[in-house]
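Some notes on the structure that comes next.
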Amino acid sequence: MANKSQAVFTPIGLNKGNNGKIDKSVKLPPVTKKKHSELGLSDQDVVNMYQQMYLQRRFEERAMQMYQKGKFGGFLHLYIGQEAVSTGTVFALNDDDDIITAYRDHGWGLVRGISANEGMAELFGKATGCSKGKGGSMHFAKTKNHFWGGYGIVGGHIPIGAGLSFANKYQENGRISTCFFGDGAVDQGALHETMNMAQLWKLPCIFVVENNGYSMGTAARRHTVGEIHERAKGYGMKGAMFNGMDALTVYENMKKIADEVRETSEPCFVEIRTYRYRGHSMSDPQQYRSKEELLEYQKTDPVERMKTYLLNEKLQTEEEILATQEKVEEEVMASIEFAENSPFPEPEALYEDMFSGEPFFHDDQR
Ligand SMILES: Cc1ncc(C[n+]2csc(CCOP(=O)(O)OP(=O)(O)O)c2C)c(N)n1
Ligand SMILES: [Mg+2]
């Protein structure tokens, strides 16, 4: 029998009591050195990217306040810190490429065309929301814009992401699908079953792990073995890993990968390293990480970085940036008023949107 003193236990991993050393939960690789023009982005594209990221940030900061004021309940998982991933990706994809994600979905919805009004009303559970007030924070969706929404079961939507690319391949429409999920989903059986099938059937799908360092209160290095992006090898699948705190880096890599997946009709498995600044959800006291760690990552803030880029490259002046910020602020404040003044769904709405056609069983069962 092994000597008790040799037994190795998982460290508690609080990043506390380690002589002030900051043990980062995810190591960020370097960002791109290329300028936007070298990446094929216009000056206006970069201005738009900043505006989008700032909208995602302010929308969620206000949503958090509204939640704290008790304006709405349920779950609220904030994407703050991860905005470069959604923004860089959406600018890299075609507008009709499919996107599906997990429950941390507000940023994705906004950048894929859900208005601040539709988003805020959804949080408030109002009929004018993007999911008619029946989805809430975790279920933003706008299928018209090929945004298939947020899903609450960890890893549960991964087969659906592959299903979307199966449909695209079957219809030979030239579209690809992208399926985003957290580091907490990489060890779910659904991921492995899906990756096996996707590689076997050569589905044009990009599987993307947004590794934000934590799955609820458990650091990635404590819940998963090895390097996440290396899982691709087990399926003979192409893989990549890059920095997700810089929208230009995300754009550069996602554009290259999307072009290749479209061209070859073969899947790819990608790990994007990022960081969430807020707790897992609103009820998280964040005992599992130190303030110092959070501050370290905030130094690489994606929204601030883009603002600095605009200024350094002389794409906009301080005044112009301020004007953008004010415009966004008005949009977000107006969305709160819109949400408050909108009606709740009628009780009958419970029976709507359950089936793609008319429900057939009501009459049959009488
Ligand atoms: C199948 C399943 N198990 C457990 C949960 C509870 N749960 C909700 S979120 C979460 C953590 C997921 O973390 P990650 O995938 O890293 O996403 P993140 O919250 O970091 O965006 C867990 C375990 C769930 N929703 N579904
Ligand atoms: Mg995570």
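Observations, loosely collected:
- Test: residue in the range 164-183 that is away from ligand 1 (no atom under 16 Å from the Cβ), within 20 Å of GLY234 (Cβ to Cβ), surrounded by 24 or more Cβ atoms within 10 Å (Cβ to Cβ) and of a type in the set (Ser, Thr, Tyr): yes
- Among the residues of the range 237-286, those that are of a type in the set (A, V, I, L, M, F, W, C), crowded, with 19+ Cβ neighbours inside 10 Å and assigned to a strand (DSSP E or B) comprise MET241, PHE242, CYS268, PHE269, VAL270, ILE272.
- Residue within the range 214-233 that is within 15 Å of the chain's Cα centre (by Cα), crowded, with 21+ Cβ neighbours inside 10 Å and either part of a helix (DSSP H, G or I) or within 15 Å of ligand 2 (Cβ to nearest atom) (or both) present: yes
- Taking the range 181-206 as the range and being away from ligand 2 (no atom under 16 Å from the Cβ) and in a loop (DSSP other than H, G, I, E, B) as the test, the residues that pass are TRP201, LYS202, LEU203, PRO204.
- Note on the range 262-286: residues that are farther than 18 Å from GLU210 by Cβ and more than 16 Å from ligand 1 (Cβ to nearest atom) total 5.
- Failed item, numbered, when MET1 is tested on (1) at pLDDT below 95; (2) surrounded by 17 or more Cβ atoms within 10 Å (Cβ to Cβ); (3) more than 27 Å from SER281 (Cα to Cα): (2)
- Scanning the range 234-254 for residues that are under 17 Å from the mean Cα position of the chain (by Cα) and of a type in the set (Ser, Thr, Tyr) gives THR249, TYR251.
- In the range 131-140, the residues that are buried (at least 20 other Cβ atoms within 10 Å of the Cβ) and either within 15 Å of GLU352 (Cβ to Cβ) or hydroxyl-bearing (Ser, Thr, Tyr) (or both): SER131, GLY133, GLY135, SER137
- Checked against the criterion of being in a loop (DSSP other than H, G, I, E, B) and of a type in the set (Ser, Thr, Tyr), the range 315-325 has at least one qualifying residue.
Residue-wise test of (1) hydroxyl-bearing (Ser, Thr, Tyr); (2) modelled with pLDDT under 95.
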residue: MET197; (1), (2): no, no
residue: ASN243; (1), (2): no, no
residue: TYR251; (1), (2): yes, no
residue: ILE257; (1), (2): no, no
residue: PRO267; (1), (2): no, no
residue: GLN287; (1), (2): no, yes
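- Candidates are the residues of the range 288-302 that are part of a loop (DSSP other than H, G, I, E, B) and away from ligand 1 (no atom under 16 Å from the Cβ); the one that is farthest from the chain's Cα centre (by Cα) is SER290.
- Top-ranked residue of the range 185-204 - restricted to ones that are more than 14 Å from ARG231 (Cβ to Cβ) and in contact (Cβ under 8 Å) with a residue 12 or more places away in the chain, ranked as farthest from ligand 1 (Cβ to nearest atom): LYS202
The values are calculated or read from the model by the stated rules, or taken from the named source; none is laboratory data. In this text, all values refer to a predicted model and were calculated from it rather than measured experimentally. Don't worry about glycine lacking a Cβ; one is built from the backbone with ideal geometry, like all the others, and counts go over all protein chains shown.
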